[in-house]
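Asks: Below you'll find the structure I mean.
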Amino acid sequence: VAVLDELKVVNAEGIPFASISPSEIGNFPLISGISPDMFNSSQKALYIGQYWLTQGIELARLVQNSRLSETKKLSDIHISKTGRYEIMLDRIRISLGVDMLKDRLSEVEEIMDNLDRKGVTAAYILLSDDLNRAIVKEIPIIAEDAEPTSTISP
């Protein structure tokens with residue numbers, strides 16, 4: 001679902017084709033950052049808009065096929081004017097960068113594993129362009145973040 005002048009359903013070719021209401025979004029992530037003008041100005045701009053939307057869709061697929069989707073929900077993909085990708089997994093903002101997205105998601109998986117071992121979560125994760133560093137703002141896990149546990153009463 002693309003956030004343009006309004007919420008638009010997007011097909012696999014990156015073409016927005018139908019307006020929807022927020023209640024109809026379901027489990028689809030929102031793709032934002034793409035100017036709505038790209039889809040009504042010129043043929044060249046249309047192709048560029050389609051390209052960025054298909055890139056957002058591909059990133060959503062990569063996240064869905066990663067270990068991240070086992071414990072976190074992808075809600076947003078933002079593509080900046082400079083081509084940088086940022087995603088929201090639950091309430092964690094993750095700045096991925098511009099390229100090597102599969103490698104970057106693998107790095108995020110490792111960071112998330114380390115956070116789990118420490119018993120914390122993150123407010124944000126910012127990956128460096130060269131993938132040699134990451135800035136992670138750790139925060140304690142709150143009750144809403146924890147997995148539900150069941151207890152057996154006698």
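Asks: Condition test on Ser95, is it polar (S, T, N, Q), in a helix (DSSP H, G or I) and either open to solvent by less than 70 Å² (accessible area, probe 1.4 Å) or free of Cβ contacts under 8 Å to residues at least 24 places away in the same chain (or both)? Walk me through how you get there before you give the answer.
Replies: Values: polar (S, T, N, Q): yes; in a helix (DSSP H, G or I): no; either open to solvent by less than 70 Å² (accessible area, probe 1.4 Å) or free of Cβ contacts under 8 Å to residues at least 24 places away in the same chain (or both): yes.
Taking the combined requirement at face value, the residue does not satisfy it.
Asks: Hey, can you tell me all the residues within segment 75-92 that are open to solvent by 20 Å² or more (accessible area, probe 1.4 Å) and within 9 Å of the chain's Cα centre (by Cα)?
Replies: Hits for segment 75-92 are Ser75, Asp76, His78, Glu86, Met88.
Asks: Among the residues of segment 31-54, what is the count of those that are under 16 Å from His78 (Cβ atoms), among the hydrophobic types (A, V, I, L, M, F, W, C) and out of contact with any strand residue (DSSP E or B) (no Cβ under 7 Å at 6 or more places or on another chain)?
Replies: 1
Asks: While we're on this one: Any residue that is buried (at least 16 other Cβ atoms within 10 Å of the Cβ), over 30 Å from Lys137 (Cβ atoms) and without any contact (Cβ under 8 Å) to a residue 60 or more places away in the chain - is there at least one of those in segment 30-43?
Replies: yes
Asks: Across segment 89-147, what is the number of residues that are within 20 Å of Ile31 (Cα to Cα) and among the small types (Gly, Ala, Ser)?
Replies: 2
Asks: Now a separate question. Could you look through segment 98-124, keep only residues that are among the hydrophobic types (A, V, I, L, M, F, W, C) and part of a strand (DSSP E or B), and pick out the one that is nearest to Leu7 (Cα to Cα)?
Replies: Once the filter is applied, the top-ranked residue is Ala123.
The values are calculated or read from the model by the stated rules, or taken from the named source; none is laboratory data. A quick note: this is a predicted structure, and the numbers were derived from the prediction, not measured. Don't worry about glycine lacking a Cβ; one is built from the backbone with ideal geometry, like all the others, and counts go over all protein chains shown. Note: accessible area is taken over every heavy atom of the protein model, side chains too, but ligands, DNA and RNA are not part of it. Shrake-Rupley method; radii C 1.70, N 1.55, O 1.52, S 1.80 Å.
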